[in-house]
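Worksheet: one structure, shown below.
The values are calculated or read from the model by the stated rules, or taken from the named source; none is laboratory data. Quantities reported herein were computed from a predicted structural model and do not represent experimental measurements. Don't worry about glycine lacking a Cβ; one is built from the backbone with ideal geometry, like all the others, and counts go over all protein chains shown.
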Amino acid sequence: MIKFESKTTTLTFSAIVIAMYITVMYVTQSFAFGAYQIRLATSLYALAYLFPFLIVPLGLSNFLSNFLGGLGIHDIIGGFIVGIVTSSAVYLIRRFNLPKVLIVPIIILGPGLIVPIWLSIILNIPYWLLALNLCIGQTVPAVLGYLLIKILSKLGSDTKNTVKERESYDE
């Protein structure tokens with residue numbers, strides 16, 4: 001787990017991740033909303049594996065980006081909850097020293113099984129059909145999230161040194 005030395009750095013990093021999530025959602029909104037979703041931005045949930053302080057910001061990212069979808073308050077609040085639940089589950093993989101590859105089913109099943117609870121009502125589509133569609137759509141972001149963590153984990157020792165060096169300049 002990579003820890004930042006200052007609250008300012010943690011807050012700044014959180015803001016950057018929120019901005020990235022919303023930007024990716026904006027650019028991909030044509031296929032990120034509706035009955036069949038490929039939400040590339042949800043690959044960022046995997047960052048909670050290395051940065052547990054991102055759990056709430058990732059939920060907030062989903063909350064804010066769901067304003068783009070136009071599916072109403074249930075989707076906006078539900079997205080916040082799904083972001084927190086999914087990124088928390090990703091963090092628990094690290095906490096309990098489980099294999100990183102478990103990030104993939106977490107990012108597939110978290111949004112894939114929770115979002116249809118309200119979206120099936122909003123879109124008038126049967127829950128299991130919608131859940132199947134969303135799980136299929138979450139496969140690409142789940143694999144991307146896993147690869148992101150695999151790459152960042154390999155760079156981990158260099159990243160720790162770089163973060164500490166940069167923070168020493170802040171003081």
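The condition of being aliphatic (A, V, I, L, M), in a helix (DSSP H, G or I), touching a Lys or Arg at 6+ places or on another chain (Cβ under 7 Å) and surrounded by 19 or more Cβ atoms within 10 Å (Cβ to Cβ) holds for only one of ILE108, ILE103, ILE84, ILE149, that being ILE149.
Going through the range 87-100 one residue at a time, which ones are in a helix (DSSP H, G or I) and out of contact with any helix residue (DSSP H, G or I) (no Cβ under 9 Å at 6 or more places or on another chain)? Answer for the range 87-100, where residues must be in a helix (DSSP H, G or I) and out of contact with any helix residue (DSSP H, G or I) (no Cβ under 9 Å at 6 or more places or on another chain): there is none.
Quick check, is PHE96 closer than 16 Å to ILE22 by Cα and at pLDDT 95 or above?
Working: closer than 16 Å to ILE22 by Cα: no; at pLDDT 95 or above: yes.
No; evaluated as a whole, the condition is false for this residue.
A single member of ILE117, ILE76, ILE122 is closer than 26 Å to PRO52 by Cα, in contact with a helix residue (DSSP H, G or I) (Cβ under 8 Å, 6 or more places away or on another chain) and of a type outside the set (Gly, Ala, Ser), and it is ILE76.
In this entry, ILE76 passes the filter for residues that are part of a helix (DSSP H, G or I), within 21 Å of ASN124 (Cα to Cα) and either hydroxyl-bearing (Ser, Thr, Tyr) or modelled with pLDDT of 95 or more (or both). Could you tell me which residue of the range 30-63 is nearest to LEU134 (Cα to Cα), considering only residues that are among the β-branched types (Val, Ile, Thr) and assigned to a helix (DSSP H, G or I)? Among those residues, the one meeting the criterion is THR42. State all residues of the range 116-146 that are more than 24 Å from TYR91 (Cβ to Cβ) and either under 13 Å from the mean Cα position of the chain (by Cα) or outside any helix (DSSP H, G or I) (or both); if no residue qualifies, say none. Hits for the range 116-146 are ASN124, ILE125, PRO126.
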